[in-house]
Amino acid sequence: SGLHQYAMKYRQAIEEKGRPDIVIATQSTSLSYICNVALNGKNYNVIPQISWLHGPVSAYGGRELLSFSNSHMALCNKLGDDLALALDRENIYVVGNPVQIKNLDVINRPKEILTILSLGRLSPEKDIETLINALAILKKPWRLIVVGDGGHYSTLRTLAEEKNINENIQWTGWHENPWDTVKEASVTVISSLYEGFSMTTAESLARGIPVVTTKCGGPEDMVVEGVNGWLYQVGDYIRLAEILSKIQDGSKNNAIPRECEAIIVVDKNDVEKTKNCINEIMNTFKHEFSTSD
């Protein structure tokens, strides 16, 4: 099969580069099978293999292929639970993405008008329609800054025009360093159907911006209701509008300290801590496999 041919190419690469101590099968479920076949051909079955998906198993299919890896890293607790449906819980480790959070400037919160930030790809799974639908029913003034680009742009812009709210939206397009474009923000809104980690959430919190997010995976590990943001169900634009209008009224805004406790919550994803956590997992496995050899 095609997968087997892939595996043979990997085996060839391994023979040229030398035997690895540990293997991480990332990208998709099929990589767990490919790596296993590539390694096992030369009595490499003593090499530990870890899968590391960055999205829900359903996005890739082939759940059964994951069992070709010895253990698994997950970007968030929700993905960990998803993996545990068919794999042993003790072989699953939740490891976030490393985020550079030290020495970041706290971004100002505007006093006058609710300023909402949306950062990231404009694609269907980000479901920015839900945000636009929520904004269309707000009574008080607001503005939205959309930093990002993608194939969904024209659909979203058309929807905003149909709702007569496009003049309140600033579409800034793609930026290499999106945070350079953000001078002030009241809140970041995530309306995604799914997020394995959500760098936008981590980076917003680290800059003192509260986050209003769907319960979509990664952000739930970082956002604590009423402490550094608020959570709502995927697609529930009525609830999102309610949250935003309470922030406008000041009734929710006061619950969030200006410096945003976020920094404490995100701290576990600090670059050094994440690297140490991954190294620890690797060392555990190298030790286990060398002693069982």
Can you work out which of the residues in region 36-71 that are touching a helix residue (DSSP H, G or I) at 6+ places or on another chain (Cβ under 7 Å) and of a type in the set (Gly, Ala, Ser) is surrounded by the most Cβ atoms within 10 Å (Cβ to Cβ)? Ser51
In region 180-205, the residues that are free of Cβ contacts under 8 Å to residues at least 60 places away in the same chain and surrounded by fewer than 20 Cβ atoms within 10 Å (Cβ to Cβ): Asp180, Thr181
Members of region 75-88 that are open to solvent by less than 70 Å² (accessible area, probe 1.4 Å), in contact (Cβ under 8 Å) with a residue 24 or more places away in the chain and within 16 Å of the chain's Cα centre (by Cα): Leu75, Cys76, Leu79, Asp82
Going residue by residue through region 16-27, is there one that turns out to be surrounded by 18 or more Cβ atoms within 10 Å (Cβ to Cβ), among the hydrophobic types (A, V, I, L, M, F, W, C) and farther than 19 Å from Asn283 by Cβ? no
Would you confirm, using the coordinates I've provided, whether Thr130 is closer than 27 Å to Lys246 by Cα, of a type in the set (Ser, Thr, Tyr) and open to solvent by less than 30 Å² (accessible area, probe 1.4 Å)? yes
When (1) on the phi < 0 side of the Ramachandran plot; (2) open to solvent by 10 Å² or more (accessible area, probe 1.4 Å) are applied to Leu156, the one that fails is (2)
Could you tell me whether Pro141 is at pLDDT 95 or above, surrounded by fewer than 20 Cβ atoms within 10 Å (Cβ to Cβ) and within 18 Å of Leu244 (Cβ to Cβ)? yes
Scan region 118-160 for residues that are touching a Ser or Thr at 6+ places or on another chain (Cβ under 7 Å) and within 18 Å of Cys216 (Cα to Cα) and jot them down. Leu119, Gly120, Glu125, Lys126, Asp127, Ile128, Thr130, Leu131
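Please go through region 219-240 and pick out each residue that is at positive phi and either among the basic types (Lys, Arg) or surrounded by fewer than 17 Cβ atoms within 10 Å (Cβ to Cβ) (or both).
Result: Gly226, Gly235.
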Could we say that Asn91 is open to solvent by 30 Å² or more (accessible area, probe 1.4 Å), touching a residue at least 40 places away in the same chain (Cβ under 8 Å) and closer than 23 Å to Gly217 by Cα here? no
Pairs where the first residue, in region 15-40, is in a strand (DSSP E or B) and the second is open to solvent by less than 50 Å² (accessible area, probe 1.4 Å) and among the hydroxyl-bearing types (Ser, Thr, Tyr), C-beta under 8 Å, 6+ apart: Ile24/Ser51; Ala25/Ser32; Ala25/Ser51; Ala25/Ser69; Thr26/Ser51
Only one of (1) at pLDDT 85 or above; (2) loosely packed, with under 15 Cβ neighbours inside 10 Å does not apply to Tyr33, and that is (2)
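The values are calculated or read from the model by the stated rules, or taken from the named source; none is laboratory data. Only a predicted model underlies this, so the values are computations on that prediction, with no experimental measurement involved. Every residue, glycine among them, receives a Cβ derived from its backbone with ideal geometry; neighbour counts consider all protein chains shown. To get the accessible areas, we keep the full protein, side chains included, count just its heavy atoms, and leave off ligands, DNA and RNA. Shrake-Rupley method; radii C 1.70, N 1.55, O 1.52, S 1.80 Å.
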